[in-house]
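For reference, the structure discussed in these notes is given below.
The values are calculated or read from the model by the stated rules, or taken from the named source; none is laboratory data. Note that the structure is a prediction, hence the values are computed from the model and not measured. We place every Cβ from the backbone using ideal geometry, glycine too, and count neighbours over all the protein chains shown. In case anyone asks, the SASA skips ligands and DNA or RNA and just uses the protein heavy atoms, side chains included. Shrake-Rupley method; radii C 1.70, N 1.55, O 1.52, S 1.80 Å.
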Amino acid sequence: MSTESSRPAEMRVIVEFADFIELREQWNQLFDASATRCAPLRFEWLSEWWRVYGPVYGVRGGGLCVFTVWSGGRLIGALPLCRCVTGRFIQHA
């Protein structure tokens with residue numbers, strides 16, 4: 001018998017601003033539950049980060065993305081990143 005809790009977590013990479021915006025509700029739930037919540041991890045801060053830097057470093061620049069981890073259809077982890085020109089990922093937020 002398989003349950004949702006026994007399923008492996010799934011990682012998804014968000015590369016489009018519109019897809020990131022769709023995460024608002026789940027992102028805020030994850031943020032509120034976090035013991036390490038801080039202003040730069042708030043959805044509002046990160047959506048502004050993407051709005052400002054996305055045109056420069058976004059899809060055309062290949063840079064902005066958010067690695068997300070899901071379990072049972074629920075967001076359980078997220079890591080906003082900016083890939084630099086050399087192709088390595090560095091934490092941006």
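In table form, for the structure just shown:
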item: Test set (1) aromatic (F, W, Y); (2) open to solvent by less than 80 Å² (accessible area, probe 1.4 Å); (3) at pLDDT below 90 - W70 fails condition number; result: (3)
item: Count of residues meeting criterion [in a helix (DSSP H, G or I), closer than 20 Å to G72 by Cα and either open to solvent by less than 70 Å² (accessible area, probe 1.4 Å) or at pLDDT 95 or above (or both)] in the range 33-44; result: 0
item: Sole exception among (1) small (G, A, S); (2) modelled with pLDDT of 90 or more; (3) part of a loop (DSSP other than H, G, I, E, B); (4) surrounded by 14 or more Cβ atoms within 10 Å (Cβ to Cβ) for G61, by number; result: (2)
item: Cross-chain or 6+ apart pairs with Cβ under 8 Å, the range 65-82 first and farther than 16 Å from L41 by Cα, then in a strand (DSSP E or B); result: W70/E10; W70/M11; W70/R12; W70/I76; S71/E10
